[in-house]
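Chemist: Quick one: structure below, then a few questions.
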Amino acid sequence: MTDKLIIFDTTLRDGEQSPGASMNKDEKLRIARQLERLKVDVIEAGFAASSNGDFEAVQAIANAIKDATICSLSRANDRDISRAAEALKGANSARIHTFIATSALHMEKKLRMTSEQVFEQAKLAVRFARNLVPDVEFSPEDGYRSDVDFLCRVIEAVIREGATTINVPDTVGYAIPELYGNFIKNLRERIPNSDKAIWSVHCHNDLGMAVANSLAGVKIGGARQIECTINGLGERAGNCSLEEVVMAVKTRRDYFGLDVAIDTQQILAASRLVSQTTGFVVQPNKAVVGANAFAHASGIHQDGVLKARDTYEIMRAEDVGWAANKIILGKLSGRNAFKQRLQELGVQMESEADINTAFAKFKALADRKTEIFDEDILALVSDGLVTQADEQYSFVSLSQHSETGERPYATVVFKANGKEVKGSSQGNGPVDASLKAIEEHAKSGAEMVLYSVNAISGSTESQGEVTVRLQNSGRVVNGVGADPDIVVASVKAYLSALNKLQSQAVRVSAQG
Ligand code: KIV
Ligand code: ZN
């Protein structure tokens, strides 16, 4: 007898709340398609009431994705819940996830509500949502730090109102595995109607224990849904990482005795897509998806693995998609092969003209780089393959000079509101000179809070992928650019960040 464990992916909602990780509709749709291929059970597509952009993204995902349940977050009020229901109309299977904080600290300092008011609002919200959709999830925010007697009252009441899933967030990542597991167990034992809902865990990683806490919530507490994100993306130290938690349950099935529907061979592609889209680089030693996760560097280990894989390997690299990391296309590949690969990667182009533009860029890259990997194609796309109508800046050309003993100098030509402009500057290095050349015209005044370069497919022949994180007037954005020339990649990343700074709509924060 086994049990099914529901995988609820919140990369597009909680993951996206991470400063700089915000995505546009097309990017979200692309990730949702990959999540569908990954066979997650539930996709939390966003927080529909937070902005028109988020509403449209949830709507587009609800219309396009048919195999997963599509969920929208909403605060515990009628307006948010109605917006969520509206956005989810096209879904085959829709879920409204409504939440309200229940810890004394959050109720008093954030909500400025009494516990009785929170109790009533939670009930009304679930009742209202259940009249719109049959699948309603309720979360007591900061649940783990809430008074347990009060939490029992709230949860019992919302289950009576029809909540079908009860999610217990460790919102600030304060839990310890054994304690969190027992916390869930205790709630389930004390609440008389607890068997009428599926119990879910939602853990943040502030103390590095989100995966362990989630697994304890399942094993000790009896939860049957885990909320997680690709690469553990999320605010502060992030959320429970999907790839780690899924591979733990799969690899140690002897211990957990649970089944997950995930197609694990799609894990690496999902990880790369999220990383390339958001500019949040995956650390090399990250479990399952890090570049070193299956690299047996030491001689002793290599020898062991060659003799018998299981001496040092508990999972097979192929099972999480590493074998798919092969040369996909090259200089001689035709338009059809290219188009098909785009489709397989979940990239949908609006028109044949867009495909032609994309193909021309692909050919230009193939002239410079003999082996084209999936990552290269995805980088072309996330690099702004097709210029969005609302983009203010785009790259045209670059020339730069650097020589030992001389101060580097760069001239960058780029488009600003459709007009070509040319900026020149000196700098500490060629990248610094190039970005200063842009700023000479853009005058964004933004502060750079992160700059990172990553070789997409390993060697120096690979494309460099650059992430630039800019901060301005309290907003943080990430720009990503890719090119075999890392100075060009840096310029593209900088222009992409400037575009995001200028276009990002102000949203209502779910938990702020
Ligand atoms: O961490 C949290 O409490 C949340 C809730 C909105 C579920 O993300
Ligand atoms: Zn959260």
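Read the figures in this text as sums done on the coordinates, not as results from a lab. On a predicted model such as this, the values are computed, not experimentally measured, just so you know. Because the Cβ atoms are built from the backbone with ideal geometry, glycine has one as well, and the counts that use them run over all protein chains shown.
Chemist: Write down the radius of gyration of segment 71-187 and its Dmax, each obtained from C-alpha positions, in Å.
Modeler: 14.0, 41
Chemist: With no solvent and one equal point scatterer placed on each C-alpha of segment 437-512, evaluate the Debye formula and give log10 I(q)/I(0) for q = 0.11, 0.15, 0.16, 0.17 Å⁻¹, two decimals.
Modeler: Taken in order of the listed q values, log10 I(q)/I(0) reads -0.32, -0.54, -0.60, -0.66.
Chemist: How far, in degrees from 0 to 90, does helix 242-251 lean away from the longest principal axis of the Cα atoms of the chain, to the nearest 10?
Modeler: With both axes taken from Cα atoms, the answer is about 70 degrees.
Chemist: Pop out the ³J(HN,Hα) list for segment 66-79 in order, Karplus 6.51 cos²θ - 1.76 cosθ + 1.60 with θ = phi - 60°, rounded to Hz; leave Gly and Pro as x.
Modeler: Each residue's phi maps through the Karplus curve to give 10, 8, 10, 6, 9, 10, 10, 6, 7, 5, 7, 9, 4, 5 Hz.
Chemist: Hand me the tally of lysine pairs in segment 6-278: alpha carbons under 19 angstrom apart, and the pair either on different chains or 8 or more positions apart.
Modeler: Total qualifying Lys-Lys pairs in segment 6-278 comes to 12.
Chemist: Suppose the chain between Arg316 and Glu371 were pulled fully straight at 0.36 nm per residue; how much longer would it get relative to their current alpha carbon spacing?
Modeler: The Arg316-Glu371 span can extend by a further 17.3 nm.
Chemist: Kirkwood hydrodynamic radius of segment 335-382 from all distinct Cα pairs, in Å?
Modeler: Hydrodynamic radius (Kirkwood, Cα only) of segment 335-382 equals 10.8 Å.
Chemist: Based only on Cα atoms, what Rg/Rh ratio does the chain have, Rh being taken as Kirkwood's radius?
Modeler: Here the Rg-to-Rh quotient is 0.99.
Chemist: Computed FRET efficiency, Cβ-Cβ of Glu461 and Gln348, R0 25 Å: what is it to the nearest 0.05?
Modeler: Plugging the Cβ-Cβ distance into 1/(1 + (r/R0)^6) gives 0.25.
Chemist: Please state, as a whole number in µm²/s, the translational diffusion coefficient that the Stokes-Einstein equation yields for segment 201-280 at 10 °C and 1.306 mPa s, with Rh defined as the Kirkwood radius across alpha carbon pairs.
Modeler: Answer from the Stokes-Einstein relation: 123 µm²/s.
Chemist: Starting from the amide H of Leu398, placed 1.01 Å from N in the peptide plane, find each other amide H under 5 Å away whose residue is 5 or more places distant or on another chain.
Modeler: For Leu398, whose amide H was placed from the backbone, the distant partners under 5 Å are Val413.
Chemist: Using square roots of five times the C-alpha gyration tensor eigenvalues, list the equivalent-ellipsoid semi-axes of segment 367-508 in whole Å, biggest first.
Modeler: That gives 22, 20, 14 Å for the three semi-axes.
Chemist: Now for a different question. Full-extension gain between Gln426 and Asp254, please, as 0.36 nm times their residue separation minus the C-alpha to C-alpha distance.
Modeler: 55.8 nm
Chemist: Follow-up question, since we're still on this one. Please report, in whole Å, how far the alpha carbons of segment 10-128 spread along each principal axis, starting with the longest.
Modeler: That gives 43, 31, 25 Å along the principal axes, largest extent first.
Chemist: Expressed as an acute angle from 0 to 90° and rounded to the nearest 10, what is the orientation of the C-alpha long axis of helix 486-503 relative to the principal long axis of the chain?
Modeler: That helix lies at roughly 50 degrees to the long axis.
Chemist: Additional query: Can you give me the long-range amide H partners of Ile372? Hydrogens built in the peptide plane at 1.01 Å from N, cutoff under 5 Å, separation of 5 or more residues or another chain.
Modeler: Ile328, Leu329
Chemist: Separate question: With Rg and the Kirkwood Rh both taken from Cα atoms, where does Rg over Rh land for segment 152-293?
Modeler: My calculation puts Rg/Rh at 1.00.
Chemist: Please report, in debye to the nearest 20, how large the charge dipole of the chain is about its Cα centre when each Lys and Arg carries +1 at its beta carbon and each Asp and Glu carries -1 there.
Modeler: 480
Chemist: What number, in percent, do you get for the relative contact order of the chain if the mean sequence gap of Cα pairs under 8 Å and at least 6 apart is divided by its residue count?
Modeler: So the answer I get is 12 percent.
Chemist: Applying the Karplus parametrisation 6.51 cos²θ - 1.76 cosθ + 1.60 with θ = phi - 60° to the phi angles of segment 155-170, what ³J(HN,Hα) value in whole Hz is obtained for each residue in order, glycine and proline being reported as x?
Modeler: 5, 4, 5, 6, 5, 4, 6, x, 4, 9, 10, 10, 10, 10, x, 9
Chemist: Could you state the per residue volume, in Å³, of the convex hull enclosing the Cα atoms of segment 104-149?
Modeler: Considering the Cα atoms of segment 104-149, their hull volume per residue is 82 Å³.
Chemist: OK, next. Antiparallel as a % of all DSSP beta bridges within the chain, to the nearest 5?
Modeler: Roughly 50 percent of the DSSP beta bridges within the chain come out antiparallel.
Chemist: Cys240's amide H: which non-local residues (gap 5+, or another chain) put their own amide H closer than 5 Å, with H modeled 1.01 Å from N in plane and none for Pro or chain starts?
Modeler: Here Cys203, Thr229 satisfy the definition.
Chemist: From zero outward in steps of 5 Å, how is the percent of C-alpha pairs of segment 398-445 spread across the bins?
Modeler: Answer for segment 398-445: a P(r) of 5, 26, 29, 21, 11, 5, 2, 0 percent.
Chemist: For the chain, take the longest principal axis of its alpha carbons; what is the angle in degrees between that and the long axis of helix 25-38, to the nearest 10 within 0 to 90?
Modeler: For 25-38 against the chain, the angle is about 70 degrees.
Chemist: Related question: Just need log10 I(q)/I(0) for segment 6-278 at q = 0.10, 0.13, 0.17 Å⁻¹, Debye formula, equal scatterers on the alpha-carbon atoms, no solvent, rounded to two decimals.
Modeler: -0.44, -0.78, -1.41
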